[in-house]
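What follows draws every value from the coordinates through simple rules; no lab data is involved. All values derive from a computational prediction rather than experimental measurement. Every residue, glycine as well, gets a Cβ built from its backbone with ideal geometry; the counts of neighbours run over all protein chains shown.
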Amino acid sequence: MDIANRDFKSLKETDSIDSDLLADIKLNYKALPVLDADGKILSIVFDDETASLPHKKLNLPVVIMAGGKGTRLYPYTKVLPKPLIPIGDVPITMHIMQHFERFGCTHFTLVVNHQKELIKAYFSDPEIPYVVDFAEEVRPLGTAGGLKLLEGRINGTFFMTNCDILVDADYDKIYEYHKKSGNLITMVCAVKKITIPYGTVCMNESGHIESMVEKPEISYLVNTGYYVLESEVLSEIPENTFIHMTDVVQKCIDEGKPVGVFPISENQWSDMGQIDEMEKMKDKMVGGNDGH
């Protein structure tokens, strides 16, 4: 106890570990503990990565929206459906499943449409260590319309994710926040920073320059396409109707129903919706040690 640091720096579990905080850690610390309300260690943020203690096993169903054509990924998607596009040696959808497996989630429902027979054939392989079933759209229904097919098949809380994104975060913390907040929908959003590549000018009412800022940086919360939902939300979706998830979210907000946001840092979110973003995802995931 004589050599222990009693006046140590720590983080709370409610703190958002964003890119600014990680930059501060890289500069000033080797590691910081993340503590709960009782002062117990939940995880440790290192100067190069976040190492979490064993995760809670949630055992919740996961819905993966896998019915789109992936037109922004042409010519890749002229050969393979977007859910089967490989990142390294593994299709993006398998990467998503592996991330959920860490939190005890091994039952997946894929909402499929375009090239659905290829997708179903791939996931019918008995060596795949998950329970995978399907909801088949007859026609395109957007990023939410296909969820209506699950009404009566899924009850309680479930995760939903697009098939072209990957969120590297503590899914158990997202779930706990969702339940503690009493949300019908919790949208996981990334802090996205954008730099204006010009000097900007602010004028006063007389037309004179009031101030100038060189290459200002602005930030937004961006929808990642990852949600925690209660099955009651399925009743908010019209049957056999093309509708996006953002429209469902707005409908719930307009009706005064609880819709929350769980923020993550930009580097915790990877998107392969466009070719340049897909290449960044490959560099990020496969350029490391194991591609997982």
- Quote the relative contact order of the chain in percent (integer), defining contacts as alpha-carbon pairs under 8 Å separated by 6+ residues. 20
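Arranged by the count of other C-beta atoms within 10 angstrom, fewest first, what order do Asp254, Asp2 take?
By the 10 Å Cβ count, ascending: Asp2, Asp254.
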- Residue exposure sequence - Asp172, Asp20 - by fewest surrounding Cβ within 10 Å: Asp20, Asp172
- Evaluate the distance, in nm, between pseudo-label points positioned 7 Å from the Cα of Lys9 and of Tyr220 along their respective Cα→Cβ axes. 3.2
- Item | Extension gain from Lys120 to Asp24, taking 0.36 nm per residue of separation minus the Cα-Cα distance | 30.0 nm
- Query: Within straight cross-link reach of Lys57, meaning Cα distance under 26 Å, which lysines are found once same-chain residues fewer than 8 apart are removed?
  - Reply: Lys12, Lys40, Lys173, Lys179, Lys180
- If R0 is 51 Å, what FRET efficiency do you get for Arg139 and Val90 from their C-beta distance, rounded to 0.05? 0.95
- Message: Less than 17 Å apart at the alpha-carbon level, and either on another chain or at least 8 residues along: which lysines does that give for Lys120?
- Response: Lys69, Lys82
- Message: For the chain, take N as its residue count and report Rg(C-alpha) divided by 2.2 N^0.38 Å.
- Response: 1.12
- Query: In degrees between 0 and 90, to the nearest 10, how far off the longest principal axis of the chain does helix 92-101 point, with axes built from Cα atoms?
  - Reply: 70
- Message: So, R0 is 45 Å and r is the distance between the beta-carbons of Gln98 and Thr195; what FRET efficiency does that work out to, to 0.05?
- Response: 0.85
- Based on DSSP, what percent of beta bridges with both residues in the chain are antiparallel, to the nearest 5? 60
